[in-house]
Amino acid sequence: MIASWTTVSLAGTNSRCQSASLTEPPSHRVELSAPRMGTTFTVILYGPQPDDARRAAQEALDHVETLNAILSDYDPESELMAFRGRAGDGAWVELSQPLFECLSRSRELAERTGGAFDPTAAPVIRLWRRARRTGERPREDLLRDARERVDWRALELDPGRRAGRLTRERVGVDLGGIAKGYAADAAHRLLVERGYPCCLVAASGDLRLGDPPPGQNGWIVALETLEPMTTPSAIVADSAPPPPTLSLSRCGISTSGDAEQFVVIDGVRYSHIIDPRTGEPLTTRMSVTVIAPDATTSDSWATALAVLGPEKGLALLRPEDRLDVRFAILDDQNRLRITTTPGFGDR
């Protein structure tokens, strides 16, 4: 048995998915990667015919591109942007299944978390995106105006007609906290339908895992957590402890953190994760990993829990959610604090 490693970026952590390919037929390992949704999507699968498997992997990546044309807030021609353009006109807009599902799941989580996850946070997200490019904090009047335009209650949905409307003018919609996980789930479903249940779809910090690789109990996911450090070299020091690993299959796993996406302004380290309730980025160093039945759930909950923190966030979880969570937080004294649900360690 020949082991092979695939490097996958888990939103601020360096993570690896280990898969084993058999030297004898019928299982052949196929891996394809492509830029999608502003990041790199990677598909790994096993099948008896490598050419057929490669075509299936390409089809999955093409499907992600199709979803991007629906869900993107960067593409001015996307369905999401067209819906956003109707804000405040009072009309119900018929929506495609992917857009309706993402909006519905987002609104449900917004209500559950009291707005800690909010699909209408686009105005403040846009301001802080610019701040990360310029290194300048947004003007207070612009932040105040943007905060006033964030309100998940302005998003109304009608399941019977699969329609939606934005009841207030100038309300924006951003699905960045759920779209990649949703796309990973959709790509996974396509691969299973094509006869490739032993597969993995990676979208930056979001993974959708299918059946484990041949001869393995699961996909091995290694997470490098936030370690107390005074210099960057501490991250790669030979004496550093090995990262924790998880053996997983048939689930979604997502990590939200600020190790890579942040900006320092006037000595303050601002994360790319925004609290929609205040319009301010998180300033606490943290990494939140969520294991869920699917990547749509793990993606959105990882963002919400990062905003809520361990005490308030874990208090919201219910047994029927089937979530396992790990918080790694660097406190003011540069000490690493780990908080997990009981089931996380069992992984």
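The values are calculated or read from the model by the stated rules, or taken from the named source; none is laboratory data. Owing to the predicted nature of the structure, the values given are computational and were not obtained by experimental measurement. Cβ atoms come from the backbone with ideal geometry, glycine included; neighbour counts cover every protein chain shown.
Below is a table of values for the structure above.
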{"quantity": "Residues of segment 57-78 classified as acidic (Asp, Glu) and part of a helix (DSSP H, G or I), total", "calculated": "3"}
{"quantity": "Filtered residue count, segment 290-317, keeping only those that are free of Cβ contacts under 8 Å to residues at least 40 places away in the same chain and in a loop (DSSP other than H, G, I, E, B)", "calculated": "1"}
{"quantity": "The listed residue being aliphatic (A, V, I, L, M), more than 17 Å from THR39 (Cβ to Cβ) and surrounded by 15 or more Cβ atoms within 10 Å (Cβ to Cβ), out of LEU71, LEU67, LEU127", "calculated": "LEU127"}
{"quantity": "Scan of segment 221-269 for residues that are at pLDDT 90 or above, surrounded by 15 or more Cβ atoms within 10 Å (Cβ to Cβ) and among the polar types (S, T, N, Q), ordered by number", "calculated": "SER249, SER254, THR255, SER256"}
{"quantity": "Those strands (runs of 3 or more DSSP E) lying entirely in segment 148-206 with at least 1 residues more than 23 Å from the chain's Cα centre (by Cα)", "calculated": "155-158, 163-166"}
{"quantity": "Residues satisfying the stated conditions in segment 265-284, i.e. over 19 Å from ARG147 (Cα atoms) and in contact (Cβ under 8 Å) with a residue 40 or more places away in the chain", "calculated": "ILE265, ASP266, THR284"}
{"quantity": "Flag for ARG162 being on the phi < 0 side of the Ramachandran plot and basic (Lys, Arg)", "calculated": "no"}
{"quantity": "Odd one out for ARG54 among (1) at pLDDT 95 or above; (2) of a type outside the set (Ser, Thr, Tyr); (3) in a loop (DSSP other than H, G, I, E, B)", "calculated": "(3)"}
{"quantity": "Qualifying residue in segment 79-94 (condition: assigned to a strand (DSSP E or B), in contact (Cβ under 8 Å) with a residue 40 or more places away in the chain, surrounded by fewer than 13 Cβ atoms within 10 Å (Cβ to Cβ) and in contact with a Lys or Arg (Cβ under 9 Å, 6 or more places away or on another chain))", "calculated": "yes"}
{"quantity": "Residues of segment 318-340 classified as crowded, with 17+ Cβ neighbours inside 10 Å and assigned to a loop (DSSP other than H, G, I, E, B), total", "calculated": "1"}
{"quantity": "Test result for SER287, touching a residue at least 60 places away in the same chain (Cβ under 8 Å), crowded, with 22+ Cβ neighbours inside 10 Å and outside any helix (DSSP H, G or I)", "calculated": "yes"}
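Conditions tested, residue by residue: (1) closer than 23 Å to GLU94 by Cβ; (2) in contact (Cβ under 8 Å) with a residue 24 or more places away in the chain; (3) not assigned by TED's automatic domain parsing to the domain that holds SER104.
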{"residue": "LEU142", "(1), (2), (3)": "no, no, no"}
{"residue": "ALA146", "(1), (2), (3)": "no, yes, no"}
{"residue": "ARG153", "(1), (2), (3)": "yes, no, no"}
{"residue": "ASP158", "(1), (2), (3)": "yes, yes, no"}
{"residue": "VAL171", "(1), (2), (3)": "yes, yes, yes"}
{"residue": "TYR182", "(1), (2), (3)": "yes, yes, yes"}
{"residue": "ALA187", "(1), (2), (3)": "no, yes, yes"}
{"residue": "VAL192", "(1), (2), (3)": "no, no, yes"}
